[in-house]
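Report on one structure; see the data block that follows.
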Amino acid sequence: MTAGEVILTTPRLTLRSWRETDRDAFAAMHADPEVMRDLGGPIDRTASDAKLEHYIAALRAHGFGRLAIEDSRGFAGYAGIMRRDQGPPLDTHVEVGWRLARAAWGKGYATEAAATALRDVFERTNLTEIISYTSADNLRSQAVMARLGLQRDPARDFTLANGWQGLVWVARLSSAQAWQAPR
């Protein structure tokens, strides 16, 4: 592992820093209309490459970020913790998120990868709260959030200028506990 490289493992998955060879699979995932349904539809290669560059820069800057997920067949998507510096309604926050290639759906990878990323960041940083959000109709992501043990926080729900409505969920860590996703 090189300086700044992140590698996390589970019995089925590897979460790791990005490689140049991930670009094609990353772009293919973002071109899939079903994968991108809750995010306004597919994005083109230029937008996908810009997103990947943003993820690489965030990982370098903070020591945590979105990580590539590999299963036994190769690239399966991404998951991880991301510092977000955006304007209202959420301003600066830290978010856990994931996106999987359609072939990786239904295997529990999102929960497994996000739980691993949460545990890692809570252990390596002084963060005590990480949020997650999704649209009201994205029941798959809401189910992952529930399996992770995140708590709904309706007081923090928001609507963006484009009309997208986000439901907020929260992972909290007290100073006396280690974070563990329910089993």
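The values are calculated or read from the model by the stated rules, or taken from the named source; none is laboratory data. Keep in mind it's a predicted model, so treat the numbers as computed, not measured. Counting neighbours? That spans all protein chains shown, and the Cβs are built from the backbone with ideal geometry, glycine included.
Data table
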quantity: Positions within the stretch 33-44 being loosely packed, with under 15 Cβ neighbours inside 10 Å and either of a type in the set (A, V, I, L, M) or outside any helix (DSSP H, G or I) (or both), in sequence order; calculated: Pro33, Glu34, Leu39, Gly40, Gly41, Asp44
quantity: Of residues in the stretch 69-80 being part of a strand (DSSP E or B) and more than 11 Å from the chain's Cα centre (by Cα), the one farthest from Glu20 (Cα to Cα); calculated: Asp71
quantity: Among the residues listed as Phe64, Phe122, the single one being of a type in the set (Phe, Trp, Tyr), within 23 Å of Arg156 (Cβ to Cβ) and touching a Gly at 6+ places or on another chain (Cβ under 9 Å); calculated: Phe64
quantity: Residue within the stretch 81-88 that is modelled with pLDDT of 95 or more and part of a loop (DSSP other than H, G, I, E, B) present; calculated: no
quantity: Tabulated pairs, the stretch 63-76, first of a type in the set (S, T, N, Q), second surrounded by fewer than 23 Cβ atoms within 10 Å (Cβ to Cβ) and modelled with pLDDT of 95 or more, C-beta under 9 angstrom, 6+ apart or interchain; calculated: Ser72/Arg12
quantity: Filtered residue count, the stretch 107-127, keeping only those that are hydroxyl-bearing (Ser, Thr, Tyr) and at pLDDT below 95; calculated: 1
quantity: Test: residue in the stretch 45-67 that is under 29 Å from Asp137 (Cα atoms), modelled with pLDDT of 95 or more and assigned to a strand (DSSP E or B); calculated: yes
quantity: Subset of the stretch 77-102 that is touching a Gly at 6+ places or on another chain (Cβ under 6 Å) and in contact (Cβ under 8 Å) with a residue 40 or more places away in the chain - its residue that is farthest from Val121 (Cα to Cα); calculated: Ala101
quantity: The stretch 128-159: number of residues that are in a loop (DSSP other than H, G, I, E, B), more than 21 Å from Tyr109 (Cα to Cα) and out of contact with any Lys or Arg (no Cβ under 8 Å at 6 or more places or on another chain); calculated: 3
quantity: Where a residue in the stretch 7-32 is under 14 Å from Lys51 (Cβ atoms) and part of a loop (DSSP other than H, G, I, E, B) and its partner, wherever it lies, is among the hydrophobic types (A, V, I, L, M, F, W, C) and at pLDDT 95 or above, with Cβ under 7 Å and at least six apart; calculated: Trp18/Leu52; Trp18/Ile56; Trp18/Ala68
quantity: Search result, residues across the stretch 51-63 that are surrounded by 18 or more Cβ atoms within 10 Å (Cβ to Cβ) and out of contact with any Leu (no Cβ under 9 Å at 6 or more places or on another chain); calculated: Leu52, Ala58
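Here's the yes/no breakdown for (1) buried (at least 20 other Cβ atoms within 10 Å of the Cβ); (2) farther than 21 Å from Val170 by Cβ; (3) basic (Lys, Arg):
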| residue | (1), (2), (3) |
| --- | --- |
| Gly65 | yes, no, no |
| Ala79 | yes, no, no |
| Asp91 | no, no, no |
| Gly106 | no, yes, no |
| Ala110 | yes, no, no |
| Ala115 | yes, no, no |
| Glu123 | no, no, no |
| Thr128 | no, no, no |
